[in-house]
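Presented below is the structure to which this report refers.
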């Protein structure tokens, strides 16, 4: 058995799994740092990086550095920190390379030996170096010139070394070490020069080599370098005038084929505004305290990446990010629309009418729309109501269908007078506004409970009994979309209902409708009614290069769909959005959150809703 295999068992780590999989920041890892700056943030990070810390012996570190600093172009080699050359990664007793302490041992107050596990064996602080160059550097502090007391590393690693020293300060801020970065020649427990290191951090940003190193160390030592994961923490701790705190919880609301609404949490009190990025390009800025932004002119069925940052005069925060795919052209039955019933009149005699409202910002041709009808808990009538040919409903306009026997005083309000079944109903007759699309029928809005087993003569609305009989129902101004779930629409009391109930023969609101604001996007995503939450088996499975994951939502809720490896490490968030009831599907292309290809293997996908529903599936990626 090789030394490396012995090490994997002695440290209790399943290397084949942990190293083969490119891990992501564990969910919630930095939660305790949110909203903090200065000394408070420093203390929070100290607790984070020391929680669950698994110290590695100095002897074992020899057989880990060849992975942390592996040459991406030659997996058998390592990159030497100061010279940048690629040499064999095999340990040969320190002849080809040895272990450099970025924060020198003498300034840590230690002189480590093979069996030690302490500050001097922290993997984040160890780098493979040419023995001669290691000796030349000695215990000098870093600066822009090499002198008798300072050492200037190559440009490509200046930021890397700065971030290692920043890590050491937060990881070992407690007594007796209390490490500190200074701007003078350092003494015990100090390193320099702080101002130079801060500049290096800006000029040499985090790269993929550093990120991979962080992941490998995390798989062994079980802690991370916060300044690689969150470079903005540097300014939040050491700058007198830090940039604003980063926004969080970026999600999409009302995702459709060509538009969506971004929403985020504002964690700062001193931002000047927010920058909006689409596919890495800044597309707009919004004012301070904003938490929403509408995105339009998107392509159907297309993957987009979005980012939101906060900014002020002192800089720009880290980004809250989101990847999301717009609905495809066929939308799996989902059709963007903002038409709904805005009024229902079931009065005395033939005083019966329906009003449909266009809440969108665009004209809607009603040729593919219809109203289905039934009576007394029967099936849908074979014939349905179709709007007159060529009917176009303008934004903010209504269409009134009135029974021809309605009080003649109000006939002028009607767009259509008819004796047809569509406006010949009693309190237990269902009416459904639908759209026909490529053979599918999509329910946009419903009044009444279809297939009601109770066989009632009417239904309650907003806590008012028999509200669908001898009453007028007017949609609340806060409603922007139809709702095919009648029980949800009707509600149990006034506050949770979408309707206001008026007395019989109330006609004051007929012919117009008011909403609080026209929908920012001008669409609603509505889907066929489904009875249960469900996560389906992905197809194909096994797969290469993509697989489709499908799921059903029985009601509007916030949905999170994520991919994990078998250790439970998050690989990618596929969906994090508030979605309406219906059928959904999304493709996964075996890439992680940074668009990097993942290794072949077994992965888990999990659907979680804000209502507490959770279901997990398994898939196999083959190469």
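Structure above, values below:
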quantity: Distance in nm between pseudo-label sites at residue 456 and residue 96 (7 Å out along the Cβ direction from Cα); calculated: 7.9
quantity: Over segment 230-273, equivalent-ellipsoid semi-axes from the Cα gyration tensor in Å; calculated: 30, 10, 8
quantity: Near-label residues of segment 156-182 by backbone N, under 11 Å of a point 7 Å along Cα→Cβ of residue 50; calculated: 170-179
quantity: Length added when fully stretched, residue 410-residue 500, from 0.36 nm per residue minus Cα-Cα; calculated: 30.3 nm
quantity: Cβ-derived FRET efficiency at R0 30 Å, residue 589 paired with residue 258, nearest 0.05; calculated: 0.85
quantity: Shape call, segment 335-526: gyration tensor on alpha carbons, a/c limit 1.5; calculated: rounded
quantity: Between 0 and 90°, nearest 10: helix 208-221 axis offset from the chain longest Cα axis; calculated: 80
quantity: Acute angle (nearest 10 degrees) that the helix 158-171 long axis makes with the longest principal axis of the chain, alpha-carbon atoms; calculated: 80
quantity: Gained length - residue 118 relative to residue 175, 0.36 nm times residue gap less alpha-carbon distance; calculated: 19.1 nm
quantity: Computed over segment 248-329, the ratio Rg/Rh where both radii use C-alpha atoms and Rh is Kirkwood; calculated: 0.99
quantity: Among 389-397, 533-541, 128-136, the order from most to least packed when residues are scored by Cβ within 10 Å on average; calculated: 128-136, 533-541, 389-397
quantity: Label zone at residue 294 (point 7 Å along Cα-to-Cβ), backbone N below 15 Å, segment 238-277; calculated: 253-263
quantity: Mean Cα-pair separation over length for segment 3-238, i.e. relative contact order, pairs under 8 Å, 6 or more apart, %; calculated: 24
quantity: Contour minus Cα-Cα distance for residue 375 and residue 188 (0.36 nm per residue); calculated: 58.6 nm
quantity: Projected label distance in nm at residue 85 and residue 417, using a 7 Å step from Cα toward the beta-carbon; calculated: 9.8
quantity: The chain: calculated mean residue ellipticity at 222 nm from DSSP helix runs of at least 4, using -39500 (n - 2.57); calculated: -4000 deg cm²/dmol
quantity: Separation of the residue 145 and residue 532 label points, Cα + 7 Å toward Cβ, nm; calculated: 7.6
quantity: Of (1) 32.5; (2) 37.4; (3) 29.9, the label for mean projected area of the Cα convex hull in nm² derived from the coordinates; calculated: (1)
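Read-outs: derived from the displayed coordinates by stated rules, not from any lab. On a predicted model such as this, the values are computed, not experimentally measured, just so you know. Quick reminder, even Gly has a Cβ in these numbers, built from the backbone with ideal geometry, and neighbours come from all protein chains shown.
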